[in-house]
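Values quoted throughout were computed directly from the atomic coordinates according to the rules given, and no laboratory measurement underlies them. As the structure is a prediction and not an experimental result, all values here were calculated from the model. Cβ placement follows ideal geometry from the backbone for every residue including glycine, while neighbour counts extend to all protein chains displayed.
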Amino acid sequence: MKKQILKSFLVLIGGAFILQSCQQEDTTPPAISSVSVNEIMGLDFIVQPGDSLAIRFTITDDHPLSQMKASIHDAADGHGHNGEVDTAAVAPNVGLWVDTRILALSGTTVTKTLYYVVPDTIHGVWHWELQAVDESGNSAEEVVVEFDVQ
Amino acid sequence: MRLFFLVLFLGMGYCTHAQLHGIVVDASTQLPLSHAHVEVHELNAEVITDGKGYFIVEEIPVGKYHLHVLKDNYAAKLFDFMVERDSITTLRIELLPSNFQLNEIVIEDGASKVEVRRSSQAMVSLSAKELTLANGLTLSDKLKSQPGISSISTGAGMSKPQIRSYSGSRCFIQDLGMKHEAQQWGSDHGLEIDPFQIENIEWRKGAGNVMYGSDAIGGVLSIRLPEVPKDGVHGNVGSIFQSNNNTLGNSAQISVRKNKNYLKLRSTLMKYGDMQLPADSFTYLRRIYPLAEGALQNTAGRDMHEQFVFGRLLPKGKIQVSQSLYTQDAGLFVGAIGVPTVGSVQSDGDSRNVGFPNVTLRHFKSALHFSSNTKWGWFETNAGVQENRRQEFILPRREGFQPLPNYNVAHDLRLRSAQINSYLRMTSKEGTKTLVGLFAELLQHSRGGYDFLLPNYAGTQHAVYFQRNGLLQHRKKETFRTVGLRLEQGRMRDEAFRSPVYASVDSIGFYYVRANEITRNFAGWSFEIGEAVSIHEGQSLKYSLQRAWRMPNAAELFINGVHHGTFRHEQGNAELNPEVGYLFDTAYELQTEKFQLSLAGYAHYFSNYIFLRASSFYSELSDGGQVYVYSQDRVMFSGGEMKSEFQLNTRTRLEWSAQSVFSYLFLSGTASPFTPPISSSVTLQHKLFELKNKLNVLLEVQGNWAAAQNRVDRNEKSTPGYQTLDSKLKVEWKLRGLTLESNLGVNNLFNAFYYNHTSNYRRLNLPEMGRNVFIQTLIKF
């Protein structure tokens, strides 16, 4: 009977070792670096309506890249208190600034510059969000740049 | 079906009465034992042995029954017996001395009444007292003390149980005799069950597909039906206070029984404030977010639960009607649904309010239980209806050119279900237990809200099942074999849905097809074979092999939208096939007078496991990130649990438990998401003071350790290891008919900063709760 117990647990322990020794597919995520707006590095910018923006960034990975998505959206994040938007924390934005670009990527290093013009009619806080994914589905930690349009 | 019930009810006419006589003795000394509790389980008839160890149960109908025999300082015993017409049945029951409190609980499978000794799977049982006085606010948190169970949490008030590495639709939760049918497909969705309501819960280690159906592929948590109260008026009041998030919870139950009729009422109200973290800031997406006074804003909430049970004991069984309503209003930390702004994590000056975003849950159950002793055996039926409504309130944000909705309900998901489960449990003269059953369920889901995830859908499921548990006569060691088979058939059908995508503020560019009208039919089978071997007295080995079958759930087939709770665009796959797994489970148990050891191990292989696979493309929806598509591939899970208890002397007890889970997705070579790390805990309990069995004061210190979890799924963060220390003072006081049990303690005594790998807040780099002083009480009268 002791042999029976031993066999049962050896099967399980053996299974665990087999799993540990199996080879992994690529799981290294791409990295987004060197994000600059009009050649100034940073994540928070104060801009004016009508300003031209050149957002430059680099995406790298050890395996081929697949896609990137850059989108601009209202920074209001769906939060509020007691049914009211917390105006002290996040003032409601005025106007509309919408831009979504999904671009195919190739190779392991991509440096790009995307050009935008801040609409004349807006006021408030907007997020520019950059995401990137490689061919295996590994996604980079996204970068969010905040534009305070004054 | 009509013929089945006709035959069954005719069988119920068979009835004459006899008597049961018996004696309970100490197995080692053969001396009679007085004040032992003897309960005929099926009849809810309890008697207590006299000074010479004798007991008599008068007027017991002809049939097959089993007894639960309990006595302090002895291991509980279950005993099958048969009563024949106009006869006196005489029993001699021997109890083994034991120092372990857990043995006061009789462990058996809820439906088949196969006790743990005969079952080919290990079972763990927790009583109301253990649950009420366990750490945590939710049922899932309270179950975490058991190695092999963890929880996937979203803050303090929302969590769902995780059995080994299975959760959601792979964990079968049985409540009021029914499958708890809720929106369990979301990892961020909590379980709508009040932990105070539970009188006893059983965990069957390993799949339970044959008995419980498709969703039991990862494990079964079975909440026993409310017990029949003793004559008279009784009640209990449970309370909890937690300093960390200012939790105040109270639950009261009153039960009244007069002769054959009984009534039980329960009401629970629990309120909690914002969680306190052991940090004053956290870093997420390269930004530092301040935490005002360490509080995680908008994580307060309120849970309410009302339960009503009415029952009547019948000459040969019982009928019980139960209704329950569970509601929860809970805030969600703003980062849980999107990228927070620094402003949104600032304090609003009120730590107990629920702002936006928040979730409202409402779960209603109405259940009927009927059992009767028929000519052929015990017939039981559990039937009922449920409605689960989940509303997520999120202030709308402009997405692309789409007009801004003028209401705040992002999702309004309503799931209605009706089910019936009937079975006949037969016991042969040789003691072989055979169970045959039928199951049917209807599902209907409707959606609302300005956002889209799941379309309207309807589903059905039917099954017929069989299980036999009997003694193998030819084996030298006492060996019980369990064999079972379940045939299952199901259908899922959804409605088409499309959403407009605006090209500009006032024109629709095109319609995005979210769901096509699809009907899928499924049919499959599950099989189990296993053995329980008594190696020596107090030593047993169990092993089972199962082929488990699970039909895809609605989310896996039809979901198509941005799931804010998981930060991704989740896409169903209507072409999925049912999941098939080959599961091997084994357990070894050793029990002596002063030492108890449980070991459990498993190796599970799935040929086509359903999981969300990270794609290499992005959502076309403006607020959608990376698309995750439901896919199928080979997966393997293995691991084990260990629990040991040492009674060092009459005052001191030591407990050591450990668990490990390994998961492996063959396609990516990664682990499955939310795989709990290897962990262990050591508890030292010392009796400080004792007064004539009326007052007990115990001190308990528990050290918890978790290893780093570096084997993670694609795009999942690894989590460093941690150690925490908990301590509590337990007081048990008995005064006439009143019992007071109370815990005063501190969790995370040294305010350790650590991450929980199975928390939805892990991805935000938010640590777990800091130091927490708690007081729990349970008063019974």
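For the cross-link pairs B:271/B:687; B:179/B:717; B:433/B:476; B:71/B:780; B:52/B:730, the ones whose C-alpha atoms lie over 23 Å apart are B:271/B:687; B:179/B:717; B:52/B:730. The gain in end-to-end length when the residue B:243 to residue B:21 segment is fully stretched comes to 74.6 nm, 0.36 nm per residue minus the alpha carbon separation. With the simple spin-label model, which puts each label point 7 Å out from Cα in the Cβ direction, the residue A:123 to residue B:287 separation comes to 2.2 nm. Seen from residue B:770, the other residues with C-beta closer than 14 Å to its C-beta sum to a net charge of -4, counting Lys and Arg as +1 and Asp and Glu as -1. Near residue B:675, once Lys and Arg are set to +1 and Asp and Glu to -1 for all other residues with Cβ below 14 Å from its Cβ, the sum equals +4. Our coupling estimate for the stretch B:716-721, obtained by passing each phi through the Karplus curve with A = 6.51, B = -1.76, C = 1.60 and θ = phi - 60°, is 9, 6, 6, 10, x, x Hz, Gly and Pro reported as x. Computed on the stretch B:311-432, with alpha-carbon pairs under 8 angstrom and 6+ residues apart, the relative contact order is 24 percent. For residue B:739 and residue B:59, what does the FRET efficiency come to when R0 = 30 Å and r is the distance between their Cβ atoms, rounded to the nearest 0.05? FRET efficiency, residue B:739 to residue B:59: 0.45. Computed from the Cβ-Cβ distance with R0 of 45 Å, the FRET efficiency linking residue B:347 to residue B:446 stands at 0.75. With K and R counted +1 and D and E -1, the other residues having a Cβ less than 9 Å from that of residue A:132 yield a net charge of -2.
In straight-distance terms, cross-link reach from residue A:112 covers every one of the lysines whose alpha-carbon lies under 23 Å from its own, apart from those fewer than eight places away in the same chain; here that gives A:69.
Taking label points 7 Å from Cα along the Cα-to-Cβ direction, residue B:89 and residue B:464 give a separation of 3.0 nm. Here the simple spin-label model places points 7 Å from the Cα toward Cβ, and for residue B:117 and residue A:112 these points are separated by 7.0 nm.
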